[in-house]
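Trainee: The structure that follows is given in the form of structure tokens.
The values are calculated or read from the model by the stated rules, or taken from the named source; none is laboratory data. The structure presented is a predicted model; accordingly, all values stated were derived computationally and were not measured. Cβ placement follows ideal geometry from the backbone for every residue including glycine, while neighbour counts extend to all protein chains displayed.
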Amino acid sequence: MSRLRVGVVGVGALGQHHARVYAGLPEAELVGVVDRNAERAAAAAEKHGARVFATVEALAAEVDAVSVAVPTIDHHRISRPLLAAGKGVLVEKPMTVTLDEADDLIAAASGSGAVLQVGHVERFNPAVDVVRSIAQKPRFIEVHRLGSFSPRSLDIDVVLDLMIHDLDIVLAMDGSPAVQVDAVGVPVLTGKVDIANARLRFASGLIANVTASRVSAEKVRKFRVFSERLYVSADFAARETQVYRLVPGAGGRPEISVDRTAAPDVEPLQRQLSAFVQAVRERSVPLVSGPDGRRALALAHEILARMSPA
């Protein structure tokens, strides 16, 4: 089977890794890149044996699918004509700035039959697979995603930058809508919210307490799930999980069993792009579809709308 011809628009902090991974996928051929920074585009193309294209339109004429890793404000503008032309698109998260833009991308993909995948790469973390397979009926979820300050993604606040990863996972675990949202956020080093907390109540009864920061001294990516007779603690950075279960012990006394699992050492981005390539080949629904991305975006906007100053 011939390799899927792919390209990357935007080879900055995130896009350079898309180019790297595509160049190493046996099922894909990295044809070329586009970037408004000519030196950055040339460096990425030379490193991975690809070509530099002057425009997105020129790249689209040569490929079957594209990763869009430009600033969020440009996601819709770049992605829509690609989808309308029938090209598979993996657009980085958050998928768009507004919900109207998200709806337009979904409609464009539906109209042409193109695959639209949203880059919620954490969904491809092997530790997430463990959590979702074990914690079938979560009652309470506690999340901490803390990172040090970085000059990237300052066009959006921390809810859309970091928290949205965990919102996507929570929504994937619980199919019901959020019926109550309480949130607080603080701009610390930028003009946008840099640290935020949201307490979410879902129609199912699930409560999720989600914290995200991009001004912390340490990096933390912990996701804890509590359900009846079960507690799952996952470290997404280490890709490890600990599962605590209440089980019958000697003499009928309850005991706690502990299982520790180290997830396979597979780069989540590699899993994501490989799945995207497969979805484009098969014209199948991707793991993180346009509607999935829109749902996470809608909840993020609801959190921002409900946010009160700390």
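Trainee: Restricting attention to the stretch 208-218, and to residues there that are surrounded by fewer than 16 Cβ atoms within 10 Å (Cβ to Cβ) and either β-branched (Val, Ile, Thr) or farther than 16 Å from residue 303 by Cβ (or both), which single residue is modelled with the highest pLDDT? Before you say what the answer is, go through the steps one by one.
Mentor: So the first thing to find is which residues in the stretch 208-218 are surrounded by fewer than 16 Cβ atoms within 10 Å (Cβ to Cβ), and the list is 209, 217-218.
After this cut, where a residue has to be either β-branched (Val, Ile, Thr) or farther than 16 Å from residue 303 by Cβ (or both) as well, the list is 217-218.
Details: 217: 85, 218: 88.
The residue in question is 218.
Listed here are the residues, each with its yes/no results for (1) within 20 Å of residue 161 (Cα to Cα); (2) of a type in the set (S, T, N, Q); (3) outside any helix (DSSP H, G or I).
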site	(1), (2), (3)
257	no, yes, yes
265	no, no, yes
270	no, yes, no
275	no, no, no
278	no, yes, no
281	no, no, no
286	no, no, yes
294	yes, no, no
298	yes, no, no
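Trainee: Among the residues of the stretch 224-239, are any in a strand (DSSP E or B) and within 22 Å of residue 119 (Cα to Cα)? Let's see the steps before the verdict.
Mentor: Pass one, the stretch 224-239, residues in a strand (DSSP E or B): 224-227, 230-235.
After this cut, where a residue has to be within 22 Å of residue 119 (Cα to Cα) as well, the list is 234-235.
Yes; the residues of the stretch 224-239 include at least one that is in a strand (DSSP E or B) and within 22 Å of residue 119 (Cα to Cα).
Trainee: In addition: Restricting to the stretch 195-233, count the residues that are free of Cβ contacts under 8 Å to residues at least 40 places away in the same chain and within 23 Å of residue 160 (Cβ to Cβ).
Mentor: Initial filter on the stretch 195-233 (free of Cβ contacts under 8 Å to residues at least 40 places away in the same chain): 195, 197, 199, 201-204, 229, 231, 233.
Subset that is within 23 Å of residue 160 (Cβ to Cβ): 195, 197, 199, 201-202.
Adding up the residues that qualify gives 5.
Trainee: Look at residue 170 and say whether it is surrounded by fewer than 19 Cβ atoms within 10 Å (Cβ to Cβ), of a type in the set (A, V, I, L, M, F, W, C) and touching a residue at least 12 places away in the same chain (Cβ under 8 Å).
Mentor: Values: surrounded by fewer than 19 Cβ atoms within 10 Å (Cβ to Cβ): no; of a type in the set (A, V, I, L, M, F, W, C): yes; touching a residue at least 12 places away in the same chain (Cβ under 8 Å): yes.
In short, no.
Trainee: Sticking with this one: Given (1) assigned to a loop (DSSP other than H, G, I, E, B); (2) touching a helix residue (DSSP H, G or I) at 6+ places or on another chain (Cβ under 7 Å), where does residue 148 come up short, assuming only one miss?
Mentor: With (1) assigned to a loop (DSSP other than H, G, I, E, B); (2) touching a helix residue (DSSP H, G or I) at 6+ places or on another chain (Cβ under 7 Å) applied to residue 148, the lone miss is (2).
Trainee: I would also like to ask the following. Filter the stretch 267-286 down to the residues that are of a type in the set (A, V, I, L, M) and in contact with a helix residue (DSSP H, G or I) (Cβ under 6 Å, 6 or more places away or on another chain), then identify the one that is farthest from residue 29 (Cα to Cα). Outline the logic, then answer.
Mentor: Taking the stretch 267-286 as the starting set, the residues that turn out to be of a type in the set (A, V, I, L, M) are 269, 273, 275, 277, 279-280, 285.
Pick out the ones that are also in contact with a helix residue (DSSP H, G or I) (Cβ under 6 Å, 6 or more places away or on another chain) and you get 269, 273.
On the way: 269: 16, 273: 12 Å.
The selected residue is 269.
Trainee: Another one. Only residues in the stretch 114-130 that are free of Cβ contacts under 8 Å to residues at least 40 places away in the same chain count as the first member; pair them with residues that are part of a strand (DSSP E or B) and among the hydrophobic types (A, V, I, L, M, F, W, C), Cβ under 8 angstrom, at least 6 apart or cross-chain, and list the lot.
Mentor: Pairs found: 114/89.
Trainee: Go through the stretch 32-60 and give me each residue that's under 15 Å from residue 14 (Cβ atoms), in a helix (DSSP H, G or I) and touching a Phe, Trp or Tyr at 6+ places or on another chain (Cβ under 7 Å).
Mentor: Those that are under 15 Å from residue 14 (Cβ atoms), in a helix (DSSP H, G or I) and touching a Phe, Trp or Tyr at 6+ places or on another chain (Cβ under 7 Å): none in the stretch 32-60.
Trainee: Here's a follow-up. Let me confirm something: among 139, 145, 123, which residue is of a type outside the set (Asp, Glu), more than 25 Å from residue 278 (Cα to Cα) and within 15 Å of the chain's Cα centre (by Cα)? First the steps, then the outcome.
Mentor: Numbers: 139 fails: within 15 Å of the chain's Cα centre (by Cα); 123 fails: more than 25 Å from residue 278 (Cα to Cα).
145 is the lone residue from the list that is of a type outside the set (Asp, Glu), more than 25 Å from residue 278 (Cα to Cα) and within 15 Å of the chain's Cα centre (by Cα).
Trainee: What number of residues within the stretch 173-186 are surrounded by 15 or more Cβ atoms within 10 Å (Cβ to Cβ) and of a type outside the set (D, E, K, R)?
Mentor: Pass one, the stretch 173-186, residues surrounded by 15 or more Cβ atoms within 10 Å (Cβ to Cβ): 173-174, 178, 181, 183-186.
Now restrict to residues that are of a type outside the set (D, E, K, R): 173, 178, 181, 183-186.
Adding up the residues that qualify gives 7.
Trainee: Quick one: count up the residues across the stretch 138-152 that are touching a residue at least 12 places away in the same chain (Cβ under 8 Å) and either among the polar types (S, T, N, Q) or farther than 21 Å from residue 222 by Cβ (or both). Before you say what the answer is, go through the steps one by one.
Mentor: Step one: of the stretch 138-152, the residues touching a residue at least 12 places away in the same chain (Cβ under 8 Å) are 138-150, 152.
In the following step, the residues that additionally are either among the polar types (S, T, N, Q) or farther than 21 Å from residue 222 by Cβ (or both) were identified as 148, 150, 152.
Total satisfying the criteria: 3.
Trainee: Quick one: which residue in 12, 7 is not in a loop (DSSP other than H, G, I, E, B) and not charged (D, E, K, R)?
Mentor: Testing whether each residue is not in a loop (DSSP other than H, G, I, E, B) and not charged (D, E, K, R) leaves just 7.
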